[in-house]
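Here's the structure, in structure tokens; my notes come after.
The values are calculated or read from the model by the stated rules, or taken from the named source; none is laboratory data. No experiment lies behind these values; they were computed from the predicted model shown. Cβ placement follows ideal geometry from the backbone for every residue including glycine, while neighbour counts extend to all protein chains displayed. Ligands, DNA and RNA are stripped out before the accessible areas are found, and what is left, the full protein with its side chains, is counted by its heavy atoms. Shrake-Rupley method; radii C 1.70, N 1.55, O 1.52, S 1.80 Å.
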Amino acid sequence: MTTPSNKKPGDPHFETAAVRIQTERSPQREHSTPLYLTSSFVFEDAEQARAMFADEIPGSIYTRFSNPSIDEFVAKIAALEGAEDGVAFASGMAAVFAGFAAYLSKGDHVVSSRAVFGSTHQILTRILSRFGVEHSYVDLRDLDQWRSAVRKNTKMLYLETPSNPGLEIADLEALGKLAEEKGLLLNVDNCFATPYLQRPVKFGAHLVMHSATKFIDGQGRAIGGVIVGNANIISDLRFFARHTGPSLSPFNAWIFSKSLETLALRMDRHCENAMAVAQHLERTAGVERVMYPFLSSHPDHLLAKKQMSAGGGIVSFVVQGGLERARRLIDCVEMLSHTANLGDSRTIITHPASTTHSKLTEDERSAVGILPGLLRISVGLEHSFDIIRVLDEAVQKSGE
Ligand SMILES: *Cc1c(COP(=O)(O)O)cnc(C)c1O
């Protein structure tokens with residue numbers, strides 16, 4: 001379905017690259033991706049060891065910084081994002097932290113969208129601040145705010161689009177231009193869209209981050225993260241990761257590598273089901289508002305259609321009756337999983353105000369549109385009729 005815009009004639013399509021990129025085949029001639037569960041690799045002789053440590057020849061040395069299972073996952077995701085290189089991490093948050101720490105020093109400043117993942121907010125406000133890295137929050141959608149927040153010491157623009165859980169859209173092209181004009185790094189968390197729906201590199205992003213835990217695994221099995229970008233930029237990140245050690249386990253890398261083979265198929269169904277759920281909720285009595293980027297009622301649906309090929313697997317909605325009803329709805333909904341994850345084959349329902357975003361103050365929550373009655377659904381791969389039926393019943397029952 002999708003073709004990356006930087007695809008040249010004869011380059012493999014997204015689906016083909018996701019299935020066929022294979023960086024290593026052992027002398028056993030295995031067909032599927034092998035798993036290299038080893039902490040280190042033997043050298044053939046003293047000269048090979050010297051040359052590998054001197055980066056004169058490629059080759060795995062020690063799994064903290066190189067392993068064929070991890071390299072294959074990174075090569076695949078970098079190709080799918082239209083980037084040259086990348087580094088994998090033990091979690092999405094290890095990737096987020098490294099994406100800041102590898103590039104920012106005392107006295108530097110980050111402009112970030114206000115609606116960032118809860119732990120990213122903690123890193124900016126409570127951890128980086130201790131090391132003298134400053135930040136300003138801006139409204140994701142307001143280009144004037146982004147521009148006027150840039151100072152002399154600003155080094156990086158950071159954002160998530162679509163945002164969590166408000167599903168607001170940032171204008172990637174405009175922010176890519178702003179980054180270029182001011183000489184800043186544009187760092188994008190592309191977790192909600194995946195490279196199948198949106199490739200920020202083509203709009204000028206220098207760093208593209210994923211929690212691989214979400215749609216990339218897609219089956220709720222493993223925690224991991226990755227950042228991709230151009231080779232000259234990724235080299236600083238590789239240095240940081242090699243010496244600080246937030247490495248991904250080869251086993252999880254192998255899971256993610258295999259998962260990428262089905263990413264396109266899964267995302268097509270996630271998006272189709274999410275659109276059906278969003279359209280249905282819009283017609284449901286007791287539902288005040290539905291947020292989904294590809295609904296024509298979404299304030300930025302034209303922008304979403306410009307930079308994404310479908311709306312993604314996440315739908316948020318606000319029930320009439322606020323906090324009490326939202327919590328009643330969670331307690332009476334059948335089948336759906338009530339868990340703190342997203343991007344799974346199983347549909348998940350979450351009440352952000354009392355869980356994922358409970359560390360924010362009431363004011364901080366309302367500034368990013370997290371109303372007390374807001375529920376987030378990560379729409380899974382069940383039949384959409386069944387998802388809609390259980391949601392319908394729960395909306396009705398919670399209002400009685
Ligand atoms: C889950 C998530 C993260 C953090 O990833 P982990 O793998 O849980 O550490 C970061 N950003 C977004 C948008 C996420 O959904």
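Would it be correct to say that residue 84 is closer than 21 Å to residue 233 by Cα, more than 16 Å from the ligand (Cβ to nearest atom), open to solvent by 50 Å² or more (accessible area, probe 1.4 Å) and acidic (Asp, Glu)? Lay out the reasoning, then the answer.
Numbers: closer than 21 Å to residue 233 by Cα: yes; more than 16 Å from the ligand (Cβ to nearest atom): yes; open to solvent by 50 Å² or more (accessible area, probe 1.4 Å): yes; acidic (Asp, Glu): yes.
Here the answer is yes, as residue 84 does meet what is asked.
Conditions tested, residue by residue: (1) in contact with a Phe, Trp or Tyr (Cβ under 7 Å, 6 or more places away or on another chain); (2) surrounded by 18 or more Cβ atoms within 10 Å (Cβ to Cβ); (3) not hydrophobic (A, V, I, L, M, F, W, C).
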| site | (1), (2), (3) |
| --- | --- |
| 274 | yes, yes, no |
| 278 | yes, yes, no |
| 296 | no, no, yes |
| 304 | yes, yes, no |
| 316 | no, yes, yes |
| 320 | no, no, yes |
| 324 | no, no, yes |
| 344 | no, yes, yes |
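Give 167, 80, 128 a once-over and let me know the one that is assigned by TED's automatic domain parsing to the domain that holds residue 185 and closer than 23 Å to residue 260 by Cα.
Values: 167 fails: closer than 23 Å to residue 260 by Cα; 128 fails: closer than 23 Å to residue 260 by Cα.
Residue meeting the stated conditions: 80.
Checking the conditions here, which among 69, 119 is buried (at least 23 other Cβ atoms within 10 Å of the Cβ), among the polar types (S, T, N, Q) and not in a strand (DSSP E or B)?
69
Can you find a residue that is more than 30 Å from residue 349 (Cα to Cα) and assigned to a strand (DSSP E or B) anywhere in the stretch 135-145? Break it down stepwise before answering.
Looking only at the stretch 135-145, we keep the residues that are more than 30 Å from residue 349 (Cα to Cα), and these are 135-136, 143-145.
The next check asks that each one be assigned to a strand (DSSP E or B); those that pass are 135-136.
Looking through the stretch 135-145, at least one residue is more than 30 Å from residue 349 (Cα to Cα) and assigned to a strand (DSSP E or B).
Which numbered condition in (1) farther than 18 Å from residue 253 by Cβ; (2) modelled with pLDDT under 95; (3) not small (Gly, Ala, Ser) is the only one that residue 42 fails?
Going through the list (1) farther than 18 Å from residue 253 by Cβ; (2) modelled with pLDDT under 95; (3) not small (Gly, Ala, Ser), residue 42 breaks only (2).
Could you list, ordered by first residue, the pairs with Cβ atoms under 7 Å in which the first is in the stretch 216-227 and under 20 Å from residue 268 (Cα atoms) and the second is open to solvent by 10 Å² or more (accessible area, probe 1.4 Å) and not in a loop (DSSP other than H, G, I, E, B), at least 6 apart or interchain?
217/255; 218/266
Can you name the number of the only condition in (1) within 16 Å of the ligand (Cβ to nearest atom); (2) in a loop (DSSP other than H, G, I, E, B) that residue 128 fails?
Of everything listed in (1) within 16 Å of the ligand (Cβ to nearest atom); (2) in a loop (DSSP other than H, G, I, E, B), residue 128 misses just condition (2).
Can you say whether residue 384 is modelled with pLDDT of 95 or more, open to solvent by 10 Å² or more (accessible area, probe 1.4 Å) and of a type in the set (S, T, N, Q), as far as the supplied structure shows?
Numbers: modelled with pLDDT of 95 or more: yes; open to solvent by 10 Å² or more (accessible area, probe 1.4 Å): yes; of a type in the set (S, T, N, Q): yes.
Yes; evaluated as a whole, the condition is true for this residue.
For the stretch 167-190: of the residues being within 16 Å of the ligand (Cβ to nearest atom) and open to solvent by 10 Å² or more (accessible area, probe 1.4 Å), which is farthest from residue 295 (Cα to Cα)?
Result: 189.
Run residue 55 past the list (1) part of a loop (DSSP other than H, G, I, E, B); (2) surrounded by 15 or more Cβ atoms within 10 Å (Cβ to Cβ) and report the number of the one that doesn't hold.
Every listed condition holds for residue 55 apart from (2).
In the stretch 193-230, which residue that is assigned to a loop (DSSP other than H, G, I, E, B) and open to solvent by 20 Å² or more (accessible area, probe 1.4 Å) is farthest from the ligand (Cβ to nearest atom)? Walk me through how you get there before you give the answer.
Step one: list which residues in the stretch 193-230 are assigned to a loop (DSSP other than H, G, I, E, B), which gives 193, 198-199, 204-206, 212-224, 230.
Remaining after also requiring open to solvent by 20 Å² or more (accessible area, probe 1.4 Å): 204, 206, 214, 219-221, 223, 230.
Numbers: 204: 20, 206: 18, 214: 5, 219: 14, 220: 12, 221: 12, 223: 5, 230: 22 Å.
The extreme case among them is 230.
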